[in-house]
Structure formats: structure tokens, C-alpha cells
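Visitor: The structure under discussion is supplied below as C-alpha cells; questions concerning it will follow.
The values are calculated or read from the model by the stated rules, or taken from the named source; none is laboratory data. The structure displayed is predicted, hence computed values, not measured ones. As a convention, Cβ positions derive from the backbone with ideal geometry for all residues, glycine included, and neighbour counts pool all protein chains shown.
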Amino acid sequence: MPSIDYSAVKTLVTLDRALGILGWRPNQDDGYEWRGYCPKHALPNDHSKSFWCRPKAGWWYCHVCKRGGSVIDLYMMVHGFTVREAAIELCARAGLTVPYIARRTARRLIREQEEDM
């Protein structure tokens with residue numbers, strides 16, 4: 001099974017694009033931060049602002065779920081996917097080809113991470 005380049009997925013599928021795929025719209029947008037209902041536990045007509053994100057920075061946080069992270073973390077939380085499933089589904093929904101890492105590159109990255117430990 002080829003390794004997915006998760007960094008590339010996060011670059012290709014921006015947070016605002018993923019939120020659009022989920023049908024999420026902010027209740028408040030100041031141009032830098034967006035706030036609104038959580039795509040996991042609230043309904044679209046909910047006017048709460050428990051979920052907030054910084055699309056340009058690529059991260060989000062929900063004060064009710066007590067979770068946050070990247071675009072892949074968001075898709076995992078909302079749909080209950082594994083990290084691999086979330087990356088593949090995000091790319092598919094965005095109409096993109098899944099970015100894979102060559103096997104040799106993946107092995108080298110794993111070795112480098114083990115050496116850093």
C-alpha cells in the first residue's frame with residue numbers, strides 16, 4: 001500500500017475548501033477568523049460560535065468537542081475516518097489525485113524520524 005503525502009493533502013485541500021465540501025458556513029467572518037456551529041455536533045441553522053478556524057493558517061478548534069487540528073483532523077472527526085481514509089476522501093471530494101510518496105522516499109522519511117527520536 002503506497003504512503004500518502006499528508007503534507008501535500010493539507011496544502012492541496014485548504015481548510016476553507018474542506019469546510020465548503022462539508023456545507024459549513026460561518027456565522028461570523030472577520031477576514032482572519034471564522035466562527036460558527038461545529039460541523040460535527042450542531043445543525044447548520046445553529047447560531048452558536050463554538051467552532052472557530054483560521055482558514056489561511058489551516059487550523060480549527062471546537063470549544064464543545066475540545067478538539068482541533070488540520071483539515072485532515074476535521075474530516076476524520078466529522079466522518080469517523082482513519083487518517084488515510086480522510087485524506088483519500090478529501091482528495092476525491094475536491095476532485096484531486098491523491099498525492100503518494102515514492103516507497104524509497106517514505107522509507108527515508110521514517111528512518112530520519114527514528115533518528116530524531
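Visitor: Is it the case that Ala86 is aliphatic (A, V, I, L, M), surrounded by 15 or more Cβ atoms within 10 Å (Cβ to Cβ) and modelled with pLDDT under 95?
Guide: Details: aliphatic (A, V, I, L, M): yes; surrounded by 15 or more Cβ atoms within 10 Å (Cβ to Cβ): yes; modelled with pLDDT under 95: no.
For Ala86, the condition - aliphatic (A, V, I, L, M), surrounded by 15 or more Cβ atoms within 10 Å (Cβ to Cβ) and modelled with pLDDT under 95 - is not met.
Visitor: Which residues, taken from region 1-15, are without any contact (Cβ under 8 Å) to a residue 60 or more places away in the chain and in contact with a helix residue (DSSP H, G or I) (Cβ under 9 Å, 6 or more places away or on another chain)? Reasoning before the result, please.
Guide: Looking only at region 1-15, we keep the residues that are without any contact (Cβ under 8 Å) to a residue 60 or more places away in the chain, and these are 1, 7, 11, 14-15.
Passing the criteria: Met1, Thr14, Leu15.
Visitor: Would you point out the residue of region 45-62, among those that are touching a strand residue (DSSP E or B) at 6+ places or on another chain (Cβ under 9 Å) and surrounded by fewer than 14 Cβ atoms within 10 Å (Cβ to Cβ), that is modelled with the highest pLDDT? Give the derivation first.
Guide: As a first pass, look at region 45-62 and keep what is touching a strand residue (DSSP E or B) at 6+ places or on another chain (Cβ under 9 Å): 46-55, 59-62.
From what is left, the residues that are surrounded by fewer than 14 Cβ atoms within 10 Å (Cβ to Cβ) are 47, 54.
Details: His47: 69, Arg54: 94.
That would be Arg54.
Visitor: Next up: I'd like to verify a number: residues in region 11-33 that are crowded, with 18+ Cβ neighbours inside 10 Å and more than 15 Å from the chain's Cα centre (by Cα), how many?
Guide: So the count comes out to 1.
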